[in-house]
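Student: I'd like to ask you about the structure that follows.
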Amino acid sequence: MKRLTNLALMCLFFFITPLFVSAATFNPNMILTDAELTNYTSMDMNAIKNFLTDKGSFLANYVEPNVRMYVYQIIYEVAQVYRINPKYLLVLLQKEQGLITNSNPSQGRLDWATGYGCPDGSAGNPKYQGLANQIDWGAGGTRYVFDHPEKFNYQVGQTYTISDTQVTIANDATRALYVYTPHIQGNKNLFTLWNSWFSTTRPDGSLLQNVEDGGIWLIENNKRRPFLTKTAFASRYSFDKVIEVKQADLEKYEIGEPIQFANYSLLRKPSGEIYLLDNEILRQVENMEAFRLLGFNPEEVVETTEDDLKNFKLGEPIGVGSAYPTGALLQDNSTGGVYYVKNGVKYPIWSKILMKLYYADKKLTAVSPEELEQYPTGGAVKLQEGELVKAKDVPTVYVISAGLKRPIANAETFESLGYKWSNIITLDKKILNLHSTGAEVLIEN
């Protein structure tokens, strides 16, 4: 395989693909994210081979005569060399010549597989001819454009007229795609194929940020719930767990109830009652005496409408005798055991890691065993939704989803979901065993 040294003319032909049923809306400003285009570990060699086989492709068992390699080997190795997503190369082969679904392509389609170096209306440059050559130059050409914006006319953030459409290029991946295919229809075909073949359904608890407008959504019960404010998000989750996606990736989910208020907000109805928002439950503060004795601040009360609160469930009211309605960390001064005490129940914490994760804002207060004994003991503190976890000395990584620990099938699935290896928490097995095991998370290619 040769490395790219300069960029030649690229073919303007594209393969007209069949219509696919998809809820995704094409946005010419943002076709793929940078991560999608450059995720070169998204498929291993066997996954590429299986994908071609499942599609009934001529390429599944084809040995390229010039290099004496299977096509799936070529795709994989080229993807690794240029750090380009092999999924992109599969889509490119279909967009340009229909080679993924064609069971008997002509030699001409094989020779110009990725449409590289064949200007519209004229013969292709023999320098780029041949299936292996085309895959190599298609990947290398795309990567070169991605890495060297200064050498090309299209620039991120600038607006251009492309196919009579005003396009404001949002990122480097989209810029590279327009350099490769400088018209709307070809890139729309690529987008449609990508979403048909590689659209991802994510586990509950996933936090997705729309790269086009910055909005953050929680995936819950196969719906997407928008966070309406930064404080509503930050009171529940950490920003380092957010995964960037396109608008099209969000559109597959029905919109659920918005998340408007920060957890533990004090909310006042028009009728005057004040409620504490406790993890989607409204708990009425019984009277102003309870309000003062529990240390609530009148300046933190948020005025609301009846509509703002109509979808919340009502919980136990908060009175002068309520013990720690917003939670506290208490440590047995005899044994050193730590408990999260809330609403008069103590929950043992089995790991300092969980203390740092979930209660960093709580002061640890040492108390006597006698004081702790007055509170009934609840279940041990569990992991929260969306956490990536593994046990010590065990390679399996789980995602916590709907209260279950769901094993992630492989590294390709992990990275395809946009997860970060740095976010994996390693804990004692007994903590993972607090969660029942759910279905495996697998992205099938």
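The values are calculated or read from the model by the stated rules, or taken from the named source; none is laboratory data. Source: prediction; values computed, not measured. Every residue, glycine among them, receives a Cβ derived from its backbone with ideal geometry; neighbour counts consider all protein chains shown.
Student: Show the residue pairs that are 6+ apart or on different chains and have beta-carbon atoms under 7 Å apart, the first residue being within the range 124-142 and farther than 18 Å from Leu90 by Cβ, the second being hydroxyl-bearing (Ser, Thr, Tyr).
Tutor: Note: pairs meeting the criteria are Tyr128/Tyr116.
Student: Also, I was wondering about something else. When you look at Glu273, is it within 29 Å of Arg225 (Cβ to Cβ) and outside the structural domain of Thr365 (by TED's automatic domain parsing), yes or no?
Tutor: Criteria met by Glu273.
Student: Got a number for residues in the range 277-329 being out of contact with any Lys or Arg (no Cβ under 9 Å at 6 or more places or on another chain) and among the aliphatic types (A, V, I, L, M)?
Tutor: Result for the range 277-329: 6.
Student: Sticking with this one: Could you list, in sequence order, the residues of the range 158-201 that are free of Cβ contacts under 8 Å to residues at least 60 places away in the same chain and not aromatic (Phe, Trp, Tyr)?
Tutor: Gln158, Thr159, Thr161, Ser163, Asp164, Gln166, Arg175, Thr201
Student: If you go through the range 50-75, how many residues are buried (at least 22 other Cβ atoms within 10 Å of the Cβ) and not polar (S, T, N, Q)?
Tutor: Here is the first cut: in the range 50-75, the ones buried (at least 22 other Cβ atoms within 10 Å of the Cβ) are 51-52, 57, 59, 71-72, 74-75.
Checking the rest, the ones that are also not polar (S, T, N, Q) come to 51-52, 59, 71-72, 74-75.
Here the count works out to 7.
Yes/no per residue for (1) under 15 Å from Phe51 (Cβ atoms); (2) assigned by TED's automatic domain parsing to the domain that holds Met45; (3) among the basic types (Lys, Arg); (4) modelled with pLDDT of 95 or more:
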residue: Asn66; (1), (2), (3), (4): no, yes, no, no
residue: Gln73; (1), (2), (3), (4): yes, yes, no, yes
residue: Pro86; (1), (2), (3), (4): yes, yes, no, yes
residue: Leu90; (1), (2), (3), (4): yes, yes, no, yes
residue: Lys95; (1), (2), (3), (4): no, yes, yes, yes
residue: Ile100; (1), (2), (3), (4): yes, yes, no, yes
residue: Leu110; (1), (2), (3), (4): no, yes, no, yes
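Table: residues versus (1) assigned by TED's automatic domain parsing to the domain that holds Val91; (2) under 30 Å from Ser401 (Cα atoms); (3) in contact with a Cys (Cβ under 6 Å, 6 or more places away or on another chain); (4) not in a loop (DSSP other than H, G, I, E, B).
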position	(1), (2), (3), (4)
Asn153	yes, no, no, no
Val156	yes, no, no, no
Thr161	yes, no, no, yes
Thr174	yes, no, no, yes
Val179	yes, no, no, yes
Pro182	yes, no, no, no
Gly186	yes, no, no, yes
Phe191	yes, yes, no, yes
Trp194	yes, yes, no, yes
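Student: Next question. Is there a residue being under 24 Å from Asn221 (Cα atoms), out of contact with any strand residue (DSSP E or B) (no Cβ under 9 Å at 6 or more places or on another chain) and not in a helix (DSSP H, G or I) anywhere in the range 396-405?
Tutor: Yes; the residues of the range 396-405 include at least one that is under 24 Å from Asn221 (Cα atoms), out of contact with any strand residue (DSSP E or B) (no Cβ under 9 Å at 6 or more places or on another chain) and not in a helix (DSSP H, G or I).
Student: Within the range 345-375, restricting attention to residues that are under 40 Å from the mean Cα position of the chain (by Cα) and without any contact (Cβ under 8 Å) to a residue 24 or more places away in the chain, which residue is nearest to Thr326 (Cα to Cα)?
Tutor: Applying the filter and picking the extreme gives Asp361.
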